[in-house]
Ligand SMILES: *Cc1c(COP(=O)(O)O)cnc(C)c1O
């Protein structure tokens with residue numbers, strides 16, 4: 001079974017169709033991946049903001065290989081050194097100065113953060129969490145309820161209680177949503193799945209103030225925009241605020257499944273033994289991968305680089321806004337960039353793939369670009385050419401007709 005179509009056939013026969021895969025991939029290196037026929041694609045999805053240091057970074061590969069051959073897993077019934085070191089590093093890096101909890105995915109990290117907020121507010125009868133329209137927080141029952149998109153919730157009712165929704169970047173709507181049971185406000189610094197929409201500074205500063213006034217927790221979901229994606233370690237660091245807790249996952253361990261909840265000191269001892277758990281959480285292999293990822297980001301100065309490359313990519317895409325009426329806007333932060341179309345994002349995503357560039361949709365009208373943080377200028381130029389060709393194929397003739 002070595003051909004794309006054979007693999008896809010077997011996959012579709014035995015794997016539940018929760019996604020609609022579009023290509024078969026078998027190898028990766030840096031920002032390139034290959035299909036079984038040997039065709040190369042430029043990967044500007046990075047496994048959905050997972051491979052922030054590129055596919056198969058030698059330092060990460062080595063760290064995982066060493067650890068898996070030393071001690072793979074013992075469970076949290078026992079102390080392991082790397083989990084302690086990783087927690088210390090995240091605590092210091094975020095300057096929250098508190099403790100961490102480790103798990104295996106974004107949804108699970110958010111589930112932990114929701115439980116932490118509820119445990120913190122329990123004695124005061126507070127449990128409701130305000131989230132935002134078009135947010136995305138995961139697919140477990142609690143996190144899909146936190147997600148402010150009805151398409152994610154439809155068919156799974158009745159939903160858990162304890163969530164209220166407000167409009168993103170609209171402080172007045174949050175004020176209105178606060179009730180006697182409200183315990184926290186939870187947001188993404190840059191909404192990812194909802195359409196690559198950054199939070200405004202005024203809004204975030206206002207949220208922090210409002211939370212302080214009302215005795216609420218301010219929680220950030222950094223699952224997609226964390227780990228350097230926006231040009232800072234964490235998206236909330238673009239604003240002069242500190243959260244009470246935040247979550248990480250996707251890029252944290254570069255494809256080894258891992259999630260984390262990072263809390264301020266005030267929340268660090270809310271969970272007592274037995275209140276929350278995860279069998280695989282913080283196992284030595286995922287911790288080794290995460291430590292290697294953080295080493296690479298520091299050694300290769302990838303935060304600055306991502307910020308610079310992000311400007312280059314966004315500026316390049318903005319040329320298309322001038323060129324085509326159907327390209328409405330470009331927005332984002334660092335290497336989390338969205339190109340907003342009048343039409344369907346999927347059409348451009350499909351055409352880009354035919355040209356050799358992998359990107360993805362975020363909602364119906366936004367084409368999302370998530371290259372690795374160590375992407376080179378030449379890669380960005382190459383990608384922009386392919387996007388240009390795709391736009392030209394879809395919109396070019398119409399332009400001529402109109403002209
Ligand atoms: C992807 C994502 C999640 C869910 O992460 P999983 O690992 O798929 O459970 C949660 N929040 C945000 C912001 C995400 O982008």
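Nothing in this text is a laboratory measurement; each read-out follows from the coordinates by a stated rule. Since the structure is predicted, the reported quantities are computational estimates derived from the model, not experimental observations. Reconstructed Cβ throughout: ideal geometry from the backbone, glycine too, with neighbour counts over all protein chains shown.
Summary of values
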quantity: Stokes-Einstein D for segment 45-157, Kirkwood Rh over Cα pairs, 10 °C, 1.306 mPa s (µm²/s); calculated: 92 µm²/s
quantity: Segment 150-228 versus segment 273-302: alpha-carbon centroid distance in Å; calculated: 26 Å
quantity: From the C-alpha gyration tensor of segment 319-403, square roots of 5λ in Å; calculated: 21, 14, 12
quantity: By average C-beta atoms within 10 angstrom, highest first, the peptides 227-240, 296-309; calculated: 227-240, 296-309
quantity: Share of pairwise Cα separations in segment 24-68, more than 14 Å, in percent; calculated: 51 percent
quantity: Kirkwood hydrodynamic radius of segment 145-221, from inverse mean 1/r over distinct Cα pairs, in Å; calculated: 13.4 Å
quantity: Spread of Cα-to-Cα distances over 5 Å intervals beginning at zero, given as percent, for segment 236-387; calculated: 2, 8, 13, 16, 16, 14, 12, 9, 5, 3, 1, 0
quantity: Chain lengthening between residue 122 and residue 364 when straightened (0.36 nm per residue, less Cα-Cα); calculated: 83.2 nm
quantity: Column: log10 I(q)/I(0), Debye, Cα scatterers of segment 191-316, q = 0.10, 0.20 Å⁻¹; calculated: -0.38, -1.30
quantity: Residues 286, 75 arranged by fewest to most Cβ contacts within 10 Å; calculated: 75, 286
quantity: Distant alpha-carbon pairs in the chain (separation over 39 angstrom), percent; calculated: 18 percent
quantity: Listed peptides 314-326, 244-256 by packing density, highest first (mean Cβ within 10 Å); calculated: 244-256, 314-326
quantity: The chain - mean residue ellipticity at 222 nm from DSSP helices (-39,500 (n - 2.57) per run, n ≥ 4, rounded to 500); calculated: -12000 deg cm²/dmol
quantity: Fully extended contour minus Cα-Cα distance, from residue 212 to residue 378, at 0.36 nm per residue; calculated: 55.1 nm
quantity: Approximate spin-label separation residue 326-residue 37, in nm, with each point projected 7 Å along Cα-to-Cβ; calculated: 2.5 nm
quantity: Paramagnetic label zone (point 7 Å from Cα along Cα-to-C-beta, residue 201; backbone N under 19 Å) in segment 298-315; calculated: 304, 307-308, 311
quantity: Full-stretch length increase - residue 65, residue 176 - with 0.36 nm per residue and alpha-carbon distance subtracted; calculated: 34.8 nm
quantity: Highest to lowest packing among 328-337, 62-71, scored as the average C-beta count within 10 Å; calculated: 328-337, 62-71
quantity: Convex hull of Cα atoms in segment 168-258, direction-averaged projection (nm²); calculated: 6.1 nm²
